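Everything below concerns the one structure shown next.
The values are calculated or read from the model by the stated rules, or taken from the named source; none is laboratory data. Treat the numbers as computed from the prediction; the structure is a model and nothing was measured. Glycine gets a Cβ as well: all are built from the backbone with ideal geometry, and neighbour counts include every protein chain shown. All accessible areas refer to the heavy atoms of the entire protein, side chains included, with ligands and DNA or RNA removed. Shrake-Rupley method; radii C 1.70, N 1.55, O 1.52, S 1.80 Å.
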Amino acid sequence: MAQPIGFLATATVFGMAAAPLTGHLPWWIPAGLATIGLGLSLSSLFRRNLLVLPLRLVLIWSAVALLASQWYTAGTRKPDLPDLSVAVPVRVTVLRTDRQPNGKAVVDFRIHAISDTEKWIPVQAGLRVYADSITGPWWQEGIGYELLVPLKKPPPATNFHDFDFKSWLLKNNIHYLIRSTEIRSASLFPELNDSFGILIGRLRFRIERILAQSIPSSDGQAFARGLLLGSRSWVEKEDIQAFSETGTLHILSVSGLHAGLVALILYTPLIRLRSRFPGKGEKIRVLITLAGLAFYGQLTGWPVSMIRSIIMTSAFLSTNLMNRHRESWSPWLFSLTAILWLFPDQLTDPGFLLSFLAVGAVIIASRVLSHYSGDRPVNPVLSSGFITVLAVLATAPVTVALFQNLPFSGSAANLLIIPLTSLVLIFTFLAVLAAPFPFLSEAYGEAVSLFTDWIYQVVSAAHQLPGSFFRFQSGDWLWLLVWVSLLVALFAWNWCRTTFAAWLCVWIAILALVTRFFQPLPTRVDFIDCGQGDLSVIRTERHLILIDAGPEWADRKPVSSTISGLVKSAGEAEIDWLIVTHPHLDHYGGAVTLPVPIRRLVIGDTLHAGPHFHRWISHLKSQGTDVTQVNHTLKINLGASEALYVVNATEPTDQANNQSLLIRYQGKNQSVLWAGDAEADLENHFSRALPAGFLHASILKISHHGSRTSSEHQFLETVEPAWVVISAGRNNEYGHPHQETLTVLREKQIPTLITAQSGGIRLVPGEEGAVPVTCLNLKELGKW
């Protein structure tokens, strides 16, 4: 390879192998070799080869070894910071204030020193404060303060979509997390004032005011704030979920796309500098663009994604300064190396992997299009589609490996969303610049609202398409391998014009094949035959939820093995949610010895729970399960038109059965209701306290296994089920279901299925609702 970065890429394998050794060397040895090696590599950009190839390769190998060493030891280099629940004096500077629409704010501080009562200990740490209001004195960016606060490290929590919040905070240099009510005192400390930070803070506040005054719609304001200031706290959670599920969430996150758009907006209008200043115009043009990118990074608060994006954009722009316009892979590999040097932990960051793969696909696509077009202009629609398909295929391995999904229609939506986003960004800039002329600023703000509305409509339409979200399971890796193989064969082929159309047809056929085999899974609700107990499984496109877990044993077999088999057949490694209606062993016993991890457990009142139940809860907490106790209501969003509602009666009772939670699953064409072992008085309480429409359901799982003490006329008339399901064991000692209950159901002519007779029962969704089907064979029921 003649290119210096090519040597760097070649030496990467050796450098990774040498990482443990390099980590034990004095830092100045690999650092010195790395400096010399990179310097000589850069010198060859000007075609001045100062040393022979072998020596230069050794020096570059040392540079890569140092980089690999940083990555190798990144996980062990953790700041030695205290975790203090008592308030201590700290000296800080306000880095960023994210004002939110509800009057609250999130404020980030940089901690410079912590007092240990005798002296000030210098530290480099971050503190995030959640403020209930922004009327306090410590919110101005760039101002230094001395605070009296507890230093609490964030808990190791994860959210609903496998997002490790603690790791994310640490990556963004935030080590402590508190609320504003925990700040005991705050006093100014002018020695830590940051003049430039104060200027940027005032500018950010001024821009927020301008956006609020000029953009009429709340969606437009939220979107513009995200693009210009890097804050998406104003975007509704439902909208964020829709963007996420269609693979277009990167639009709301400041990333390479935004840095590229800003560079394009700044770089393109300056083309006249080339003719006005011959020989120097291009350099002036690039330098102005780089300065604008740096200012944009300051506005957005320099998140890691922005630093990464600006490094990559700057590397590509710098090739123009050196008159090497056709260079593509050198700046790509150089920025890859520089980012990993600065942030070794980025190697496992999904954003880093996806962005570099996407840019690599764009480079390949641009070369292919250039080869085929020659001197003729390229069709913009064809080129955009070609680049999008290639980017989807290039990022598919990471997307599938990390998120187990591949959003196809969302990727196609990018063809419209990216141009619209560039228009929103341009008109947002214009609205801010035209602030001295309110009528003009408001006109630009109207355009921002219009284009934002179009973006939301495109996302909504993509979200409704059947191919918006394909979930991958273990067997789908074979198809992924086929994709990658075809992609490699595609670019290994001897290209000629006559084969381009043929290959395009091959890609379309592949996408059609994938669409055929990876249709989104319809939500299925299964009532499992687990003997004398309750066990229901909800399998959505992305989640596996259990409503109760049955008894410990059924038919002399552990129920935990039944649950394990169901989880395995679903292609999952864990249970997303387990909701226990009440603490009786026949409703949670199957999960006591369950080897499958449970991410989240939802329980109700535990007033009458025994020690066995509390020991189980403690064990789950020690295993990292997030335990939520519902006091009133809980809503769990499962998708665009699916949700689970959990309701606690919140009335004290001396009956353990009447501590049962009421659970409602609401899907597109079906609804299911569970009430645990609720007795008639609790069911009637639900009928009085809750809207009739909330209780109305197409399927009712009869309470208390069909006992005569439940399912009276009033409750059944309120629910109006099309079908009822009774979970009871064969020949059980309680005589469930009781004849009185069956008689009431027959009088009301409600079709009834009983697990003791029918075995497992599955709800099959249809156009008019769910239809139960029975299945005596548990293995067949386990086929998802």
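A few notes on this one:
- Among the residues examined, Phe686 qualifies as touching a Leu at 6+ places or on another chain (Cβ under 8 Å), farther than 19 Å from Thr752 by Cβ and modelled with pLDDT under 90.
- Hits in region 727-748 (condition: under 23 Å from Val525 (Cβ atoms) and in a loop (DSSP other than H, G, I, E, B)): Ser727, Ala728, Gly729, Arg730, His736, Pro737, Lys748
- Within region 633-647, the residues that satisfy the criterion of being open to solvent by 10 Å² or more (accessible area, probe 1.4 Å) and at pLDDT below 90 are Thr633, Leu634, Lys635, Asn637, Gly639, Ala640, Ser641, Glu642.
- Any hit, region 695-707, residues being open to solvent by 10 Å² or more (accessible area, probe 1.4 Å) and either under 23 Å from His582 (Cα atoms) or at pLDDT 90 or above (or both): yes
- Counting residues in region 650-661 that are touching a residue at least 24 places away in the same chain (Cβ under 8 Å), out of contact with any helix residue (DSSP H, G or I) (no Cβ under 7 Å at 6 or more places or on another chain) and buried (at least 22 other Cβ atoms within 10 Å of the Cβ) gives one or more.
- Restricting region 225-250 to residues that are among the aliphatic types (A, V, I, L, M) and touching a Lys or Arg at 6+ places or on another chain (Cβ under 8 Å), the residue that is most open to solvent (accessible area, probe 1.4 Å) is Ile240.
- Among residues that are within 28 Å of Gly360 (Cα to Cα), of a type in the set (Gly, Ala, Ser), assigned to a helix (DSSP H, G or I) and open to solvent by 30 Å² or more (accessible area, probe 1.4 Å), Ser253 is not included.
- Residues of region 268-287 that turn out to be under 25 Å from Ser422 (Cβ atoms), charged (D, E, K, R) and free of Cβ contacts under 8 Å to residues at least 12 places away in the same chain, as a count: 2
- Hits in region 567-603 - residues which are open to solvent by less than 10 Å² (accessible area, probe 1.4 Å) and modelled with pLDDT under 90: Val567, Ala570
- Only residues that are surrounded by 16 or more Cβ atoms within 10 Å (Cβ to Cβ), under 21 Å from Arg91 (Cβ atoms) and touching an Asp or Glu at 6+ places or on another chain (Cβ under 6 Å) were counted in region 181-224, giving 3.
- Test: residue in region 242-253 that is small (Gly, Ala, Ser) and over 28 Å from Val392 (Cα atoms): no
Residues are listed down the side, and each one gets a yes or a no for (1) at pLDDT below 75; (2) of a type outside the set (D, E, K, R); (3) open to solvent by less than 30 Å² (accessible area, probe 1.4 Å); (4) touching a Phe, Trp or Tyr at 6+ places or on another chain (Cβ under 7 Å):
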residue: Arg326; (1), (2), (3), (4): yes, no, no, no
residue: Trp332; (1), (2), (3), (4): no, yes, no, no
residue: Trp341; (1), (2), (3), (4): yes, yes, no, no
residue: Pro344; (1), (2), (3), (4): yes, yes, yes, yes
residue: Phe356; (1), (2), (3), (4): no, yes, yes, no
residue: Ser366; (1), (2), (3), (4): no, yes, no, no
residue: Ser383; (1), (2), (3), (4): yes, yes, yes, no
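- Here the condition is being touching a Phe, Trp or Tyr at 6+ places or on another chain (Cβ under 9 Å), buried (at least 19 other Cβ atoms within 10 Å of the Cβ), more than 18 Å from Ile207 (Cα to Cα) and at pLDDT 80 or above; of Thr428, Thr421, it holds for Thr421 alone.
- Selection count, region 225-264, where residues are over 30 Å from Ile288 (Cβ atoms) and of a type in the set (Val, Ile, Thr): 4
- Selection within region 230-250 - in a loop (DSSP other than H, G, I, E, B), β-branched (Val, Ile, Thr) and over 20 Å from Ile207 (Cα atoms): Thr246, Thr248
- Within region 709-724, the set of residues being among the hydroxyl-bearing types (Ser, Thr, Tyr) and open to solvent by less than 20 Å² (accessible area, probe 1.4 Å) comprises Ser710, Ser711.
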